[in-house]
Amino acid sequence: MTPNKIKLDEKDISIIKHLSSGRARDSLLQISKDLKISYDITHYRLKRLIRNGYFSRLMPQTGKKLGGLRVTQAIFELKQLNESIIKKIKGLAFMAMGGYSEKFVYLHFVSENHEEYLKKLESLHEIFKENLESTEILHWKELHLANRYPLEYAL
């Protein structure tokens, strides 16, 4: 967590609530119309909120029309997990979600096609190399994307 450098007012809180209630895919114009705040103020405030750490990560959401998009859930069992492996995994741009324990690494990633899936899996195996003991992979046939957790509960 990073200490926040700005104090929130009503407009900032309304933007945060709006985005966290499943509308983060809306355009800035739509957000400004919904909140009855000018476009320029919405743009400025949102950039300021992001810059000051009020959003830990912005992830593009694919919506409900997934087409060929596939989500892969993978569990890798390793002989030994070390900091260099964790650092390499955290540096991967395609990782959607992940976690680890003493010997296990649990990851989610999204692929548009089989070729992309194989490239991502190959890059993960390259990180683990001879340290890998086993791999469990789950593919979801149908997918429901939870938009995001509503921040109203935290505010």
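Every read-out reported here was derived from the displayed coordinates using simple, explicitly stated rules and does not represent laboratory data. Everything numeric here is computed off the predicted structure, so don't read it as measured data. Note: ideal-geometry Cβ built from the backbone for every residue, glycine included; neighbour counts use all protein chains shown.
Model label sites at Gln30 and Glu126, defined 7 Å from Cα along the beta-carbon direction, differ in position by 3.7 nm. Extension gain, Ile41 to Asn82: 0.36 nm times the residue separation minus the Cα-Cα distance gives 10.2 nm. Apply the a/c threshold of 1.5 to the C-alpha gyration tensor of region 10-51 and tell me whether it is rounded, prolate or oblate. Rounded, because the longest to shortest axis ratio a/c is under 1.5. Taking the alpha-carbon distance from Lys36 and a cut-off under 18 Å, which aspartates and glutamates remain once sequence neighbours fewer than 8 residues away in the same chain are dropped? Those aspartates and glutamates meeting the cut-off are Asp9, Glu10, Asp12, Asp26.
With the simple model of a label 7 Å out from the Cα in the direction of the Cβ, Tyr100 to Lys11 spans 4.3 nm. In terms of other Cβ atoms within 10 Å, Thr135, Thr42, Thr72 run from fewest to most in the order Thr135, Thr72, Thr42. Using a cut-off of 21 Å between Cα atoms, the listed pairs Lys90/Lys129; Lys5/Lys33; Lys47/Lys87; Lys47/Lys120 include Lys5/Lys33; Lys47/Lys87; Lys47/Lys120 as exceeding that distance.
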